[in-house]
Amino acid sequence: MENANLFHVGDQDFDTKVLKSSTPVIVDFWAAWCGPCRNIAPVFERLSTEYQGKLQFAKMDIDEHGLTHHALEFRLFQPC
């Protein structure tokens, strides 16, 4: 992932990098074992390049961070 417009977030920096961003941020809550997550990854990366300057794109690994209050706040549940 060598794109300045696509970055990883965790519980510690979610608020500052996502919720308080002056640019809208699309977050991919993903897991390495999740087939649909792997399928959408190239599309997510392509869109992050295509919409550079208009949107930001963040990825949050739910295996590393669990289904945090951020995922639950947006009504995301265990994928796959």
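Every read-out reported here was derived from the displayed coordinates using simple, explicitly stated rules and does not represent laboratory data. In this text the structure is predicted, and so the values were computed from the model without any measurement. Cβ atoms come from the backbone with ideal geometry, glycine included; neighbour counts cover every protein chain shown.
Some points to look at:
- Restricting attention to the range 26-35, the residues that are of a type outside the set (Phe, Trp, Tyr) and loosely packed, with under 11 Cβ neighbours inside 10 Å add up to 2.
- When the range 24-60 is filtered for residues that are more than 13 Å from Asn3 (Cα to Cα) and either among the charged types (D, E, K, R) or touching a Gly at 6+ places or on another chain (Cβ under 8 Å) (or both), the ones remaining, listed by number, are Asp28, Arg38, Lys54, Met60.
- Subset of the range 41-51 [under 17 Å from His8 (Cβ atoms) and in contact (Cβ under 8 Å) with a residue 40 or more places away in the chain]: Glu45, Ser48, Thr49
- Filtered residue count, the range 28-40, keeping only those that are in contact with a helix residue (DSSP H, G or I) (Cβ under 8 Å, 6 or more places away or on another chain) and in contact (Cβ under 8 Å) with a residue 40 or more places away in the chain: 4
- Residue list for the range 1-17, filter: among the aliphatic types (A, V, I, L, M) and touching a helix residue (DSSP H, G or I) at 6+ places or on another chain (Cβ under 8 Å): Met1, Leu6, Val9
- A count restricted to the range 9-25 and to residues that are surrounded by 15 or more Cβ atoms within 10 Å (Cβ to Cβ) and not basic (Lys, Arg) stands at 4.
- Scanning the range 9-51 for residues that are out of contact with any strand residue (DSSP E or B) (no Cβ under 9 Å at 6 or more places or on another chain) and either assigned to a strand (DSSP E or B) or of a type in the set (S, T, N, Q) (or both) yields Gln12, Thr16, Ser22, Asn39.
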